[in-house]
Each structure stands twice: as C-alpha cells, then as structure tokens.
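Working notes, beginning with the structure itself.
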Amino acid sequence: MSELQSVAWTLSGFGDEIDPDPAVQVAVLKALGASHIEVRSAWDTNVVDLDDDQLTALADQLARAGMAVSAVASPIGKVDVALDADLEVARLRRIIHVAQVLQTPNIRVFSFYRAPGIAVESIRDDVLTRMRLLADLAEKEGGVLLHENEKDIYGDTPERVLDLVESVGSPALRLAWDNANFVQVGVKPFTDGYAQLRPYLDYLQVKDAVAATGVVVPAGEGDGELVETLTALRDDGYVGFASLEPHLAIQHELGGFSGPATFGEAARAFAGLLAGLGVRTT
C-alpha cells in the first residue's frame, strides 16, 4: 500500500441535518460509513437547551449504537457582541457539561455578530475580550473551542480569523475550517486562507458553495477549492475529523437541514473527491 493510500480521516456529520430523531441520524450516518456524529440538536432541541434527562438519553442512545461524538456544534458566540459577556460564558459552562457527558473535548464556537451599521473593526476589542473569557473557561475544563468561520461574524475572513486565534493565543482555541462559508464572504478558501490558517486548523467541516449566488452545493460542485484544500491537508499530514454539514435543503442562522437522501448525496460527493486523492475514511 502506498503512503497516500494509507491516509485516513475520521468521517462524521451533523446529525440534525438528517432528521430530528437521533435514532435516524445514527442509522443514516452508519450506513454512510461514519463512525462519529457531530451533535447540534436532538429532538428539535439545541444542545445548549437539552435538559439533563434528554442529555442522558442521548448519550445512552449513542453509546448503544456504538457511535462516538466528534464535536458538540454549539451556538456559542452566535449572538450580538453587545450582549453581556457573562451570558456566553454561562452558556459555555453548560455546553462543556454537555460535551463531557457526550465524551468529546471539541466544541464549535463563533466570534459574534454586530448590529447593522456597526463597522467590524470597531468590535475587535470586545470580541477578543469575550473569546479570551471563553478560552479561559475551556482551558480550565479541558475543552477545545473550534472557531468556525461563519459569515457576518468577526472571524469570517482569513485575516480576521488569524487575528482572532493569534491574539487570544490559547491552546484551547483552534479552528474548524469551512470552505463554503469563506466562499459566501467573497474569499477563495485555499488561495486566500489555507497557508496562514493551517497551523491552527484542527477540524474540517465539509460543504461547498457557488461564489456568484452563495448557494450551498455538494463538495466539489462549487467554488470552494475543495480539491486543492483536501489535497493540501492530505499532503501535510492532516489526520482529523471530516464532518459533513451539507445545508442542501434549508440554511438558516442556527444551522441547516438536508434530509436523509440529500445528506447521502453530499456524502457520496465527498467520498468521490477523497477516492481521487487516495484518502479513506474510518
């Protein structure tokens, strides 16, 4: 077996893009060859709002199915930066508990919205203050915050993502890379951002988008430079998660939905790209 053929990434996916019911989520992911699930919501309830009974039931269900959790896809930081910083710290404390019950250190986060008409440069200090507080808590509790480059937050371009992660300077703040989100803010992901952000990239979210419209499409069918990105990750030794987040049916502020059939379409498109690169998934 060649060196390239021996490269393996761990396949995961946003379960609630498939169905609100975790049982259906797990069944579809396992059928697609995934060993892990990324948990954003269950039974139409976001992870930050799951009560203890729901959380225990979810953890038990995943354990019985032999499905591990790659990350908790929290909404932390997906709020206006003008809100009290302590509110997000309190929500993160709950999310850390959720992540501990689900046995993953990984927690997806964002770097705050701003009101219309507010210049992005003007919120930098407030964003960094809040992200430092969040990172401090994660460090204390053994969690890893994975910042996603969502459009319209502070960290939506490579330059600001780099500023964020280097200015906070915490081992508990790393990056979740999303090609489609970069496309939606006018960035060529690989060309404009990969080299500078790769040292901090710990997690891959898989989706693509068309630059002219922002419409999300299966991996490799848009302008997200997926082949270039995946090739570079393969060549520089990436061995982490690849989490499917297709957004092929519905996309909204707190996430998206695809359904089982289109989620499968997205998974097969990604598998096709990996096959051409000699990368397998486990």
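Values in this text are rule-based calculations from the coordinates and carry no lab data. The structure presented is a predicted model; accordingly, all values stated were derived computationally and were not measured. No Cβ is skipped: glycine too gets one built from the backbone with ideal geometry, and neighbour counts run over all protein chains shown.
As a test of the formula, what do you get for the chain when each DSSP H run with n ≥ 4 contributes -39,500 (n - 2.57) and the sum is divided by the residue count, at 222 nm and rounded to the nearest 500 deg cm²/dmol? If you can, show how the numbers build up before the last one.
Details: 8 runs with 103 residues, N = 282.
Counting only the DSSP helices, I get -11500 deg cm²/dmol.
Would you grab the residues whose amide H sits under 5 Å from the one on VAL109? Only those 5+ places off in sequence or on another chain, please, with H modelled 1.01 Å from N.
LEU146, HIS147, GLU148
Could you pull out the GluC sites (Glu not before Pro) across region 1-110 that fall in loop regions by DSSP (anything but H, G, I, E, B) with no more than 13 other Cβ atoms inside 10 Å?
Working: sites: GLU3, GLU17, GLU38, GLU88; in loops: GLU3.
Those that pass, being in a loop and sparsely packed, are GLU3.
Amide H to amide H, which residues 5 or more places from GLY224 or on other chains are under 5 Å from it, using H placed in the peptide plane?
ALA209
What FRET efficiency do you get for SER167 and THR282 if R0 is 35 Å and r is their Cβ-Cβ distance, rounded to the nearest 0.05? Display every interim value, and only then the final one.
On the way: r = 35 Å, r/R0 = 1.01.
The pair SER167/THR282 has a calculated efficiency of 0.50.
Quick one: which residues, 5+ away or cross-chain, put their amide H under 5 Å from the amide H of SER35? H built at 1.01 Å from N.
Here LEU11 satisfy the definition.
Using only the alpha-carbon atoms of region 1-145, report the extent along each of the three principal axes, biggest first, to the nearest angstrom.
The principal-axis extents, from largest down, are 50, 45, 32 Å.
Can you list the lysines whose alpha carbon sits under 23 Å from that of LYS78, skipping same-chain ones fewer than 8 residues off?
In chain and number order, the partners are LYS140, LYS151, LYS207.
May I ask you to evaluate 6.51 cos²θ - 1.76 cosθ + 1.60, the Karplus curve with θ = phi - 60°, for each residue of region 180-192 and list the ³J(HN,Hα) values in order in whole Hz, giving x for glycine and proline?
For region 180-192, the Karplus-derived couplings read 4, 5, 5, 4, 5, 10, x, 9, 8, x, 5, 4, 8 Hz, x marking Gly and Pro.
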